[in-house]
Amino acid sequence: MQINSVAELDVADGIATLTLDSAPVNALSAAVRDGLDQGFRAAIADETVQGIVLICAGRTFIAGADISEFDKAPTGAPLHDVLALIEGSPKPVVAAIHGTALGGGLETALVCDYRVATPSAKLGLPEVALGLLPGAGGTQRLPRVVGAEAALEMMAIGKPVRAKDALAMGLVDAITSEDALHADAVAFLKTKLDAPRTRIRDRTDKIAGQDPALFDAFRAKHARAFKGFRAPENIIKAVEAAVTLPFDQGMKREAELFWELFRSRESAAQRYFFFAERQTAKVPDLAADLPEIPVKRVGVIGAGTMGGGIAMNFLNVGLPVTIVEQAQDALDRGVATIRRNYQGSVDKGRMSAEQFEQRMALLTPSLDFEVLGEVDLIIEAVFEKLSLKQEIFARLDKVAKADAILATNTSFLDVDAIAAATGRPESVVGMHFFSPANVMKLLEVVRGAETDPQVVAAAMAIGRRIGKVAVLSRVCDGFIANRMMAPRMAAAQALILEGPLPWEVDRVMLDYGFPMGPFAMLDLVGLDVIGWDAATSSSSSVVEVLCEMGRWGQKKGGGYYDYDDKRRAAPSPIAEQLIRDFAAKTGVTQRAFSDEEIVARLLYPVVNEGARILEEGVAIRASDVDVALVYGYGWPVFTGGPLFWADGVGLAKIADALEEMGHAPSPLLRALAEQGKPLHQYRSAAPAARVIE
Ligand code: 3HC
Ligand code: NAI
């Protein structure tokens with residue numbers, strides 16, 4: 001019997017099966033809640049029914065509340081009422097789980113009597129990633145099933161558990177076969193029709209006598225990871241309520257804590273970011289039915305810092321990689337680094353010895369350029385020098401297969417100038433990874449003036465295949481993320497002459513939520529590699545003098561900071577004196593700056609650059625810029641990224657402040673401020689073909 005557009009009820013042999021079918025992920029939209037409501041009512045009313053199976057069609061069990069409905073007026077049956085109906089069912093209910101039971105989906109499963117799951121299923125309460133807490137009883141029911149500590153881990157960290165672990169925790173009652181979930185669920189339920197029933201809400205066995213010290217210990221253990229986020233603290237409070245209050249009072253507390261989060265700027269930012277991340281894959285002029293370019297073998301040129309990390313991405317997903325170097329020692333070093341990195345994972349228990357062998361076996365080191373003729377995708381990661389890259393691409397043109405994708409990992413060079421060295425610029429694309437390339441989630445796909453749409457689409461697709469978030473950029477100096485962050489570095493360098501010292505500036509950036517301040521970052525990367533040249537150094541800036549003094553950063557025991565043998569940083573009196581001398585020499589008056597002023601000085605110019613990037617069509621939409629900064633530079637996700645954050649600050653305020661600081665606000669920023677329109681929703685008109693001249 002069709003219940004509504006997304007729910008169907010079938011009764012066979014005394015068992016009712018309610019099937020939800022709402023693509024893509026069976027989220028709890030109004031239609032799904034109505035389907036549950038009416039479906040359960042019908043099953044309960046049917047006298048022939050002795051038990052009920054709740055199952056989903058498509059790729060997954062319910063993946064949560066429908067996030068796209070969050071900011072709209074509520075319609076349909078309220079989730080709490082639906083869950084109360086299921087929990088109060090006079091007939092036993094089993095949730096049959098495949099894919100992922102997440103958020104409100106798992107909360108739905110927790111009002112059922114039983115949960116069975118396929119071996120590949122995952123269960124979790126990941127609301128924390130949206131700046132929320134499980135608001136449909138999850139914070140009160142999960143601790144009653146798995147205990148407070150495991151519940152804290154699942155909700156405050158938000159990582160789903162696999163079916164086998166869920167079984168061990170008591171979260172699922174049985175694992176079914178992979179392909180016969182429904183039949184196995186029915187068989188399971190039939191063995192339980194006469195069994196005594198205890199609702200999870202009435203259980204106390206896992207929470208009785210909980211030592212209250214757990215909560216502060218948990219807070220302390222994760223203090224660093226939780227910094228700046230609101231949701232983890234509210235989740236901890238909700239679990240405290242679960243172990244100290246009766247169920248109904250705990251539910252009230254959960255609701256208060258949920259709504260507090262729901263109204264917060266942090267959650268709005270994280271919800272925005274959830275969709276922003278998924279938007280990146282949607283490129284208006286790339287038709288979904290573009291023929292795919294299959295990538296079965298990959299070549300990497302250069303086995304240095306980036307080449308090795310890039311190669312690992314492909315080995316990790318089972319793609320064979322040929323890595324080519326110019327000299328045996330460089331090749332050996334590169335391969336040894338890959339081996340060492342994998343060995344580190346084995347030592348930490350994150351990889352089996354077998355996986356280690358499999359990955360290394362997929363790697364073919366070579367000094368022979370000709371072998372690149374066999375691969376489908378070639379990524380060049382040699383030194384950042386245009387003439388060298390052009391020479392390499394001219395050689396590639398002769399060697400590579402006709403339909404091979406020729407990619408460069410350049411950070412700043414003109415992809416079109418590199419493409420011009422070949423007779424097939426349409427096959428050339430930028431694939432800009434971030435260091436460490438096997439870890440950082442961002443991949444900028446740089447579309448040259450002549451890059452074929454099919455090649456762009458293939459580069460985006462391969463990025464997703466290796467677990468990256470691929471963001472599309474046009475050619476310009478630094479592409480999106482590096483170009484955006486350059487003004488922050490320039491502002492930081494200028495600011496230290498006016499009063500705030502590097503460690504104060506760094507502290508303000510840490511408080512804002514960055515993982516590292518600009519000066520600590522410079523010291524880590526090495527002051528010498530940021531464009532310093534001994535031959536032309538003229539003692540005209542603090543950074544130049546530090547370089548001339550040999551204070552190149554961590555690797556030399558000192559830069560802006562001094563480092564001990566364990567690389568622990570302390571403010572450097574030498575650097576401080578140098579800064580003060582420079583300030584005196586340049587006649588800048590020093591004064592105290594508030595934290596807010598420091599944030600404005602460093603980050604408003606970043607927002608301005610973002611607006612320019614949009615004006616020029618370098619990025620196709622503002623949310624792509626936010627995603628690039630969060631995944632490329634650790635911009636705190638609870639701000640939503642620079643452009644979402646800017647709207648919260650106020651565009652007019654930023655534009656005025658920029659003028660006061662002596663920066664020209666971008667016309668787009670001014671225009672949006674005047675029209676009262678948000679920057680984070682901005683989409684570029686027809687993107688410019690290129691913006692380098
Ligand atoms: N609501 C609305 N849309 C959702 C959604 C949700 N909960 N989850 C996924 N979608 C959409 C995505 O936006 C995407 O749409 P698109 O194709 O138009 O871009 C589509 O479903 C597919 O999603 P993915 O690209 O992410 O597909 P994957 O297969 O990679 O991942 C997933 C599937 C693991 C389910 C992943 O989408 C996910 O983690 N979703 C979010 C789960 C979540 O956070 N649930 C909790 C929601 S809050 C809640 O339940 C509150 C409650 O406590 C009251
Ligand atoms: P690196 O110096 O660590 O490695 C470059 C490697 O290329 C060296 O091992 C060198 O022997 C090899 N090489 C040079 N000429 C070659 C040739 N003709 N044939 C084969 N191999 C050759 O440099 P790194 O840091 O890995 O950078 C590589 C590229 O990646 C540069 O374009 C850089 O701008 C870019 N990049 C670097 C990032 C970083 O953080 N280091 C981040 C993103 C991009």
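Points worth noting:
- Within the range 521-548, considering residues that are in contact (Cβ under 8 Å) with a residue 24 or more places away in the chain and assigned to a loop (DSSP other than H, G, I, E, B), the one nearest to Val588 (Cα to Cα): Ser541
- Near pairs, Cβ below 6 angstrom, 6+ apart or cross-chain, from the range 411-429 (farther than 15 Å from Asp452 by Cα) to any residue that is surrounded by fewer than 21 Cβ atoms within 10 Å (Cβ to Cβ) and of a type in the set (A, V, I, L, M): Leu413/Leu386; Asp414/Ile692; Ala421/Ala394
- Candidates in the range 277-294 are the residues that are within 21 Å of Leu406 (Cα to Cα) and either within 24 Å of the chain's Cα centre (by Cα) or open to solvent by less than 10 Å² (accessible area, probe 1.4 Å) (or both); of these, the one that is nearest to ligand 1 (Cβ to nearest atom) is Ala281.
- With respect to (1) more than 10 Å from ligand 2 (Cβ to nearest atom); (2) buried (at least 16 other Cβ atoms within 10 Å of the Cβ), the lone exception for Phe369 is condition (1).
- Among the numbered conditions (1) at pLDDT 95 or above; (2) under 30 Å from Leu629 (Cβ atoms), the only one that Asp528 does not meet is (1).
- Search result, residues across the range 294-332 that are more than 17 Å from Glu384 (Cα to Cα), in contact with an Asp or Glu (Cβ under 9 Å, 6 or more places away or on another chain) and assigned to a helix (DSSP H, G or I): Leu331, Asp332
- Lone unmet requirement of (1) without any contact (Cβ under 8 Å) to a residue 60 or more places away in the chain; (2) in contact with a Ser or Thr (Cβ under 9 Å, 6 or more places away or on another chain); (3) within 14 Å of ligand 1 (Cβ to nearest atom); (4) outside any loop (DSSP other than H, G, I, E, B) for His80: (2)
- Matching residues, the range 240-276, being outside any helix (DSSP H, G or I) and away from ligand 1 (no atom under 15 Å from the Cβ): Leu245, Pro246
- Annotation: Gly641 fulfils all but one of (1) small (Gly, Ala, Ser); (2) farther than 17 Å from Gln270 by Cα; (3) at pLDDT 95 or above; the unmet one is (2).
- Filter result for the condition that a residue is buried (at least 24 other Cβ atoms within 10 Å of the Cβ) and away from ligand 2 (no atom under 12 Å from the Cβ), over Val399, Val429: Val429
- Top-ranked residue in the range 30-76 [being at pLDDT below 95 and in a helix (DSSP H, G or I); ranked as least open to solvent (accessible area, probe 1.4 Å)]: Ile67
- Filter result (crowded, with 20+ Cβ neighbours inside 10 Å and basic (Lys, Arg)) within the range 138-172: Arg141, Arg144
- If you go through the range 200-235 and pick out every residue that is outside any loop (DSSP other than H, G, I, E, B) and either closer than 27 Å to Arg507 by Cα or open to solvent by 70 Å² or more (accessible area, probe 1.4 Å) (or both), you end up with 15.
- Qualifying residue in the range 114-132 (condition: within 21 Å of Ala84 (Cα to Cα), open to solvent by 20 Å² or more (accessible area, probe 1.4 Å) and outside any helix (DSSP H, G or I)): yes
The values are calculated or read from the model by the stated rules, or taken from the named source; none is laboratory data. Worth saying up front: this structure is predicted, and the values here are computed from it rather than measured. All Cβ positions, glycine included, derive from the backbone under ideal geometry; neighbour counts span all protein chains shown. Ligands, DNA and RNA are stripped out before the accessible areas are found, and what is left, the full protein with its side chains, is counted by its heavy atoms. Shrake-Rupley method; radii C 1.70, N 1.55, O 1.52, S 1.80 Å.
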